[in-house]
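Notes follow the structure.
The values are calculated or read from the model by the stated rules, or taken from the named source; none is laboratory data. Quick caveat: nothing in here was measured; it's all calculated off a predicted structure. Note: ideal-geometry Cβ built from the backbone for every residue, glycine included; neighbour counts use all protein chains shown.
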There are 2 protein chains.
Amino acid sequence: MKEKRNTVQKELVRKLVLSSKAHPTAESIYASARSELPSISLGTVYRILHALAEAGEIVEVPVSGAPSRFDSTNCSHAHMVCEKCGGVFDVPLDVDAVLKAAGSDCAYRLDSAHITFGGVCDKCAESEICGSESAVN
Amino acid sequence: MKEKRNTVQKELVRKLVLSSKAHPTAESIYASARSELPSISLGTVYRILHALAEAGEIVEVPVSGAPSRFDSTNCSHAHMVCEKCGGVFDVPLDVDAVLKAAGSDCAYRLDSAHITFGGVCDKCAESEICGSESAVN
DNA sequence: GACCTAAACGATAGTGATTATCATTACCGA
DNA sequence: TCGGTAATGATAATCACTATCGTTTAGGTC
C-alpha cells in the first residue's frame with residue numbers, strides 16, 4: 001500500500017480548491033495559499049493539485065491557450081469559457097448521460113468525459129448590446 | 001475586406017490536415033510539410049493552423065498535458081484520448097445536440113462545444129487483457 | 001512583363017505554464 | 001524519541017507556442 005502523508009500544504013490546497021467557486025488557476029491557488037502559508041512553493045501546489053485530480057477529489061479543466069482551472073467534483077456539470085473575458089463558468093449538464101450515450105455508440109471504452117463550451121457570459125453579453133460586435137468584419 | 005493571399009505553405013498545410021486521419025499535432029504537420037517544402041518554418045505552420053481554425057476549416061483539439069491536435073470539421077463528432085497510448089480517436093456523437101440541450105438549460109449563450117472523452121483505444125484494450133493492469137496499486 | 005505594396009514567410013528569440021531535480025524537512029509508525 | 005522516507009522548497013529545465021523583424025512574394029496596377 002502506497003503511503004500517503006497528510007501535510008498542512010495538502011490540506012490547505014484542498015480546502016482552497018473545494019471552497020472556491022471561481023475555478024481558480026494553479027497560480028491563483030498559489031497566491032491565496034501563500035497568504036496563509038508564505039513558505040509554500042508553486043511546484044508543491046502543482047504537485048498537490050495533480051494528486052487531488054488523480055484521486056478524483058477535483059477536476060482539471062484545461063483551457064485552450066490559457067492556464068488550466070481546477071474545480072471540485074461534487075456534482076456532474078460542464079464548463080463554459082467566455083470568449084470575451086476568458087472566465088470559466090459552470091453549466092448544468094448530465095455529463096454521465098452524454099458519456100453513456102457516446103459509449104454505447106462507440107468502438108472504444110470511454111471512461112470519462114470533458115465537456116467545455118465556448119460562449120459569452122452574462123456580464124459580457126450585457127456590454128455587447130451597447131457595443132458594435134456584429135458590425136465587425 | 002481583409003486581403004487573404006494564397007500561398008503554397010497555406011495550401012500544403014490545409015491539404016495535410018484535411019487528408020490526415022491521425023489527428024496530427026502542429027509538430028507532426030511541420031514534419032510532413034518539410035518533406036514537401038523543406039524551407040517551411042514551424043511558426044508558419046502554427047500561423048496557418050490558427051488561421052484555418054479561425055476560418056472554421058479545421059478544429060483544434062486541445063489535449064490536457066499534451067500538444068493540441070488538429071482535425072477537419074467535415075462532420076460533427078467528439079474525440080477520445082487514449083489514457084494508455086495518448087492517441088486521439090474520433091467518437092461519433094451529435095455534438096450540436098449536446099450544445100443545444102445544454103444551451104436551453106443555461107443562463108449563458110453557448111456558441112460551441114468541445115467534447116473529449118478519456119478512455120482506452122482498441123489496441124491498448126487488447127494488450128491490457130494479458131497485462132496485470134488491475135493488480136497495480 | 002516590370003513595379004509596387006503589404007501580406008505572408010523564415011529564422012530565431014522570448015514567453016508562460018508546467019515539470020524535473022535535488023538537497024532539506026517533517027510525517028508518522030516503531 | 002528516532003529513523004526511514006514521502007513530501008517540500010527552491011530553482012533549473014522543458015515544452016508548446018508566440019512575438020519579432022528583416023526578407024520574400026502574391027497579386028493588383030500600369
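Condition (residue is closer than 23 Å to B:L99 by Cβ and surrounded by fewer than 15 Cβ atoms within 10 Å (Cβ to Cβ)) applied to the range A:39-54: is it met by at least one residue?
Filtering the range A:39-54 down to residues closer than 23 Å to B:L99 by Cβ leaves none.
No, there is no match, as no residue in the range A:39-54 is closer than 23 Å to B:L99 by Cβ and surrounded by fewer than 15 Cβ atoms within 10 Å (Cβ to Cβ).
Here is a check on your reading of the model: is B:S64 more than 8 Å from DNA strand D (Cβ to nearest atom) and not aromatic (F, W, Y)? Step through it out loud before you land on a result.
Details: more than 8 Å from DNA strand D (Cβ to nearest atom): yes; not aromatic (F, W, Y): yes.
Answer is yes for this residue.
Would you say A:L18 is under 15 Å from the mean Cα position of the chain (by Cα) and either more than 10 Å from DNA strand C (Cβ to nearest atom) or over 16 Å from A:A55 (Cβ atoms) (or both)? Write out each step before concluding.
Values: under 15 Å from the mean Cα position of the chain (by Cα): yes; either more than 10 Å from DNA strand C (Cβ to nearest atom) or over 16 Å from A:A55 (Cβ atoms) (or both): yes.
The answer is yes for A:L18.
Looking at the range B:13-34, which of the residues that are within 12 Å of DNA strand D (Cβ to nearest atom) and crowded, with 16+ Cβ neighbours inside 10 Å is nearest to B:V91 (Cα to Cα)?
Step by step, filter the range B:13-34, then rank; the result is B:P24.
Inside the range B:29-137, counting only helices (runs of 4 or more DSSP H) that do not spill past its ends, which hold 3 or more residues that are within 12 Å of chain A (Cβ to nearest Cβ), modelled with pLDDT under 95 and in contact with a Pro (Cβ under 6 Å, 6 or more places away or on another chain)? Steps first, please.
Working: elements: B:42-55, B:95-104, B:122-130.
Counting at least 3 such residues, we get no helices (runs of 4 or more DSSP H) at all.
Do we have B:E83 as of a type in the set (D, E), under 22 Å from A:E60 (Cα atoms) and surrounded by fewer than 17 Cβ atoms within 10 Å (Cβ to Cβ) here? Before the answer, list the steps.
Details: of a type in the set (D, E): yes; under 22 Å from A:E60 (Cα atoms): yes; surrounded by fewer than 17 Cβ atoms within 10 Å (Cβ to Cβ): yes.
Taking the combined requirement at face value, the residue satisfies it.
Scan the range B:37-59 and tell me whether some residue there is more than 10 Å from DNA strand D (Cβ to nearest atom) and either of a type in the set (D, E) or in contact with a Cys (Cβ under 9 Å, 6 or more places away or on another chain) (or both).
Yes, because at least one residue in the range B:37-59 is more than 10 Å from DNA strand D (Cβ to nearest atom) and either of a type in the set (D, E) or in contact with a Cys (Cβ under 9 Å, 6 or more places away or on another chain) (or both).
Which residue pairs have Cβ atoms under 8 Å apart, sit 6 or more places apart or on different chains, and have a first residue in the range A:20-36 that is within 15 Å of A:A66 (Cα to Cα) and in contact (Cβ under 8 Å) with a residue 12 or more places away in the chain and a second that is hydrophobic (A, V, I, L, M, F, W, C) and part of a helix (DSSP H, G or I)?
From residues that are within 15 Å of A:A66 (Cα to Cα) and in contact (Cβ under 8 Å) with a residue 12 or more places away in the chain, the pairs are A:P24/A:L16; A:P24/A:V17; A:A26/A:L42; A:A26/A:V45; A:A26/A:L49; A:E27/A:L42.
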